[in-house]
Amino acid sequence: MRRPIITLLSDFGLKDPYVAEMKAVILSICKEALIIDISHEIEKFNIRMGAFVLAQAAHYFPEGTIHVAVVDPGVGAARRAIIIETKRGLYVGPDNGLLMLAAENDGISHIYEIANPKYMLKRVSRTFHGRDIFSPAAAYLAAGVAPRMFGPEIHDPVKPSFSSPEIRDGMISGEIIHVDGFGNLITNISEKMLKSAEISEGDILYIRLGEKRLKVRLASSYEDVEINAPLAIVGGTGFLEISVNRGNASEILGARAGFPVEVKKTEGE
């Protein structure tokens, strides 16, 4: 029988004992769990970055994987703790939008509030739900407890703007969801959405990026344009990226995560 897989993602860093405490709680409940760290270097309180990194990594894990994500600036407030059951796996974390991009990619089946104290630590702190609520929930799921046992089903999860780009009259409206280490501006516009707008490689695109306007080719590689020239490309993420060949698009274009983006196809050069 395959060991249950639990992944962890957080903005905790590794200086403090927080990640170790979460792992200790999981293993005390489910000794068979195989725990894999996705990242603990998410920028502090950056829900958008956490959502992007989670969605990118989760896709490659086996079906049935349990993903725990904690970027939780609202900890101790009124936000709910939730489990999202999808067609491929389970997501555990705060109801603040962090889980939705990955879960919607998988196809959401049910969402449950974690409300049953039986599946929490006996003492729940006000500031460390990653250890006291989310880790125990993941461990009990790994041990075979059904998601419905944790609490009532909910139908109104928090849905952030970065999980829902739109197409209207041939214009795709989205936003920059992440800036990678090379300065590439990764949007929330998927390759599938580009196809829905009848956009394909080689097309010339009109892009509005914040207050800037660009006219670029949807390239198949960075070398399709001159050095230091901007381009659009569907990168390894599966999302549309705005890049500069051998340059830092974020610095050159003065853009960052959260900037609005509009994309449409133009006629010819």
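Of all the criteria given as (1) within 29 Å of Asp16 (Cβ to Cβ); (2) among the aromatic types (Phe, Trp, Tyr); (3) in contact with a helix residue (DSSP H, G or I) (Cβ under 7 Å, 6 or more places away or on another chain), the one not satisfied by Phe134 is (3). Are any of the residues in the stretch 130-145 in the same structural domain as Val71 (by TED's automatic domain parsing) and among the β-branched types (Val, Ile, Thr)? Yes, there is a match, as at least one residue in the stretch 130-145 is in the same structural domain as Val71 (by TED's automatic domain parsing) and among the β-branched types (Val, Ile, Thr). Selection of the stretch 240-251 for residues being surrounded by 14 or more Cβ atoms within 10 Å (Cβ to Cβ) and either farther than 16 Å from Ala219 by Cα or not acidic (Asp, Glu) (or both) yields Leu240, Ile242, Ser243, Val244, Asn245, Gly247, Asn248, Ala249, Ser250. Here His59 qualifies as surrounded by fewer than 21 Cβ atoms within 10 Å (Cβ to Cβ) and modelled with pLDDT under 95. The requirement of being assigned to a loop (DSSP other than H, G, I, E, B), more than 18 Å from Ala58 (Cβ to Cβ) and within 22 Å of the chain's Cα centre (by Cα) is satisfied by Pro73. Just so you know, in the stretch 1-41 the residues that are of a type in the set (Ser, Thr, Tyr) and touching a strand residue (DSSP E or B) at 6+ places or on another chain (Cβ under 6 Å) include one that is nearest to Thr65 (Cα to Cα), and it is Thr7.
Among the residues making up the stretch 29-38, a single one is surrounded by fewer than 17 Cβ atoms within 10 Å (Cβ to Cβ) and either touching a residue at least 60 places away in the same chain (Cβ under 8 Å) or not assigned by TED's automatic domain parsing to the domain that holds Ala143 (or both): Glu32.
When Arg168, Arg217, Arg213 are screened for being out of contact with any strand residue (DSSP E or B) (no Cβ under 9 Å at 6 or more places or on another chain), surrounded by fewer than 21 Cβ atoms within 10 Å (Cβ to Cβ) and not acidic (Asp, Glu), only Arg168 passes. Residue under question is Asn228, and the condition is that it be without any contact (Cβ under 8 Å) to a residue 40 or more places away in the chain and crowded, with 18+ Cβ neighbours inside 10 Å; does it hold? No. Leu9 satisfies every condition listed in (1) at pLDDT below 95; (2) surrounded by 15 or more Cβ atoms within 10 Å (Cβ to Cβ); (3) not β-branched (Val, Ile, Thr) except (1). Going by the structure shown, is Ala232 part of a loop (DSSP other than H, G, I, E, B), closer than 27 Å to Ile47 by Cβ and among the small types (Gly, Ala, Ser)? So Ala232 does not fit the description; no. For the stretch 19-34, the condition holds for no residue, the condition being that it is of a type in the set (Gly, Ala, Ser), out of contact with any Phe, Trp or Tyr (no Cβ under 8 Å at 6 or more places or on another chain), closer than 23 Å to Ser161 by Cα and part of a loop (DSSP other than H, G, I, E, B). Among the residues of the stretch 106-114, are any crowded, with 20+ Cβ neighbours inside 10 Å and modelled with pLDDT under 95? Yes, some residue in the stretch 106-114 is crowded, with 20+ Cβ neighbours inside 10 Å and modelled with pLDDT under 95.
Of the residues screened, Glu104 is one that is farther than 21 Å from Ile26 by Cβ, of a type in the set (Asp, Glu) and either under 18 Å from the mean Cα position of the chain (by Cα) or not assigned by TED's automatic domain parsing to the domain that holds Ala20 (or both). In the stretch 76-105, the residue that is surrounded by the fewest Cβ atoms within 10 Å (Cβ to Cβ) out of those that are touching a residue at least 60 places away in the same chain (Cβ under 8 Å) and part of a loop (DSSP other than H, G, I, E, B) is Arg79.
The values are calculated or read from the model by the stated rules, or taken from the named source; none is laboratory data. Just so it is clear, the structure is predicted and the values come from calculations on it, not from any experiment. Cβ sites come from the backbone with ideal geometry, for glycine too, and all protein chains shown count toward neighbours.
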